[in-house]
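Reviewing the structure listed below.
The values are calculated or read from the model by the stated rules, or taken from the named source; none is laboratory data. Treat the numbers as computed from the prediction; the structure is a model and nothing was measured. Backbone-built Cβ (ideal geometry, glycine too); neighbour counts: all protein chains shown.
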Amino acid sequence: MEKLKELGLDDEFGAIYDEEIVHKMEINSARSDGRKEGRKEGAKDEKKSIAKNLLKIGMPIKDIMKATGLSKKQITTLM
């Protein structure tokens, strides 16, 4: 607020400025959440892709479960 006073700006402008800062922080938070969700989804897709390849070479489902962390049901739906 001191800097606003130095610039000759009033409290109303300060409130608008604060709202804009809060809005930008919310947008950045949403973007961050979206990136995290995207990375999780990408990792899940990669595990499924690896599981498919392991199925193709004949690896037992039990071993694929250990290697990927996927459940038996998740793996069998890839067949």
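Yes or no, residue by residue, for (1) under 28 Å from residue 65 (Cα atoms); (2) out of contact with any helix residue (DSSP H, G or I) (no Cβ under 6 Å at 6 or more places or on another chain); (3) among the aromatic types (Phe, Trp, Tyr); (4) modelled with pLDDT under 80:
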| residue | (1), (2), (3), (4) |
| --- | --- |
| 10 | no, yes, no, yes |
| 17 | no, yes, yes, yes |
| 21 | no, yes, no, no |
| 24 | no, yes, no, no |
| 29 | no, yes, no, no |
| 33 | no, yes, no, no |
| 38 | yes, yes, no, no |
| 45 | yes, yes, no, no |
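Listed here are the residues, each with its yes/no results for (1) part of a helix (DSSP H, G or I); (2) loosely packed, with under 10 Cβ neighbours inside 10 Å; (3) more than 11 Å from the chain's Cα centre (by Cα); (4) not polar (S, T, N, Q).
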residue	(1), (2), (3), (4)
32	yes, no, no, no
37	yes, no, no, yes
40	yes, no, no, yes
44	yes, no, yes, yes
47	yes, no, yes, yes
52	yes, no, yes, yes
59	no, no, yes, yes
63	yes, no, yes, yes
67	yes, no, yes, yes
